[in-house]
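J.: I have a structure here, written as structure tokens, and I will follow up with some questions on it.
The values are calculated or read from the model by the stated rules, or taken from the named source; none is laboratory data. Just so you know, these numbers come straight off a predicted model, no measurement behind them. Neighbour counts are summed over all protein chains in view; Cβ atoms, including those assigned to glycine, are modelled from backbone coordinates with ideal geometry. In case anyone asks, the SASA skips ligands and DNA or RNA and just uses the protein heavy atoms, side chains included. Shrake-Rupley method; radii C 1.70, N 1.55, O 1.52, S 1.80 Å.
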Amino acid sequence: MPSQLGQVIRFGFVGGVNTCTFYAFYWPLLHLAKLPYFVAYTIAFLLSMVGSFFLNTYFTYRTRPTWKKFLLFPLTNVTNFVVQSAGLFALVHWVGMNKTIAPLVAAVVAIPFTYVLSRRILVPKHHETSEPETVEPKIPVK
């Protein structure tokens, strides 16, 4: 269980970095490019997802990135996107929250969902420790 606590802490850190990355894309798309808030949100979300994949594989779960994981990783983000999008819509339209701040609040709600799903995709079932995956070199025996 201590290794999972470390993963949760690293996941939180990566989430903070990813949120900053997302916002670094979102703010200029919203304010400088003058895109509608949901279009800016969607573009920023997709761009930050790639960085999130690599940070989570290498740092959070200490596992090797593969094409299979990369192709499955968006499934975690679909759930994240749905939860955040619903939260964003509700916060802007029903609560009246500022559309500049609302994505940050909606992101907090999505954290538990994203952790559980990303762990299922990025950590192989046989790999439940926090140790990095290693590949043993194959030495030909003569």
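J.: Go through segment 72-84 residue by residue and turn each phi into a ³J(HN,Hα) via Karplus (6.51, -1.76, 1.60, θ = phi - 60°); whole Hz please, and just put x for glycine and proline.
T.: 7, 3, x, 4, 5, 6, 4, 4, 4, 4, 5, 5, 5
J.: Ordering Arg62, Arg120 by how much accessible area each has at a 1.4 Å probe, largest first, what is the list?
T.: From most accessible down to least: Arg120, Arg62.
J.: Here is a further query. In terms of solvent-accessible area of protein heavy atoms at a 1.4 angstrom probe, what is the ranking of Ser52, Ser3, highest value first?
T.: Largest accessible area first, the residues go Ser3, Ser52.
J.: For Ile9, Ile111, what's the largest-to-smallest order of accessible area, 1.4 Å probe?
T.: These residues rank, largest area first, as Ile9, Ile111.
J.: Which of the listed residues, Gly12, Pro74, Pro28, is farthest toward the dipole's positive end in the chain, when Lys, Arg count +1 and Asp, Glu count -1 at the beta-carbon?
T.: The residue sitting farthest along the positive end of the dipole is Pro74.
J.: Whole-Hz ³J(HN,Hα) for each residue in segment 52-60, computed from phi via Karplus 6.51 cos²θ - 1.76 cosθ + 1.60 with θ = phi - 60°, x for glycine and proline: what do you get?
T.: 4, 4, 5, 5, 5, 5, 6, 9, 5
J.: What's the FRET efficiency of Ser3 with Val109 using the Cβ-Cβ distance as r and R₀ = 22 Å, to the nearest 0.05?
T.: Approximately 0.25, to the nearest 0.05.
J.: Please count, across the chain, the pairs of lysine residues with Cα atoms under 24 Å apart that sit 8 or more places apart or on different chains.
T.: Taking the chain as the scope, the lysine pair count is 5.
J.: Ratio of Rg to Rh for the chain, alpha carbon only, Kirkwood?
T.: Rg/Rh for the chain comes to 1.08.
J.: Run the numbers on segment 1-67 and let me know its relative contact order in percent, using alpha-carbon pairs under 8 Å that are six or more apart.
T.: So the answer I get is 38 percent.
J.: For the chain, what does -39500 (n - 2.57) per DSSP helix run (n ≥ 4), summed and divided by total residues, give at 222 nm, in deg cm²/dmol to the nearest 500?
T.: -23000 deg cm²/dmol, from helical runs alone.
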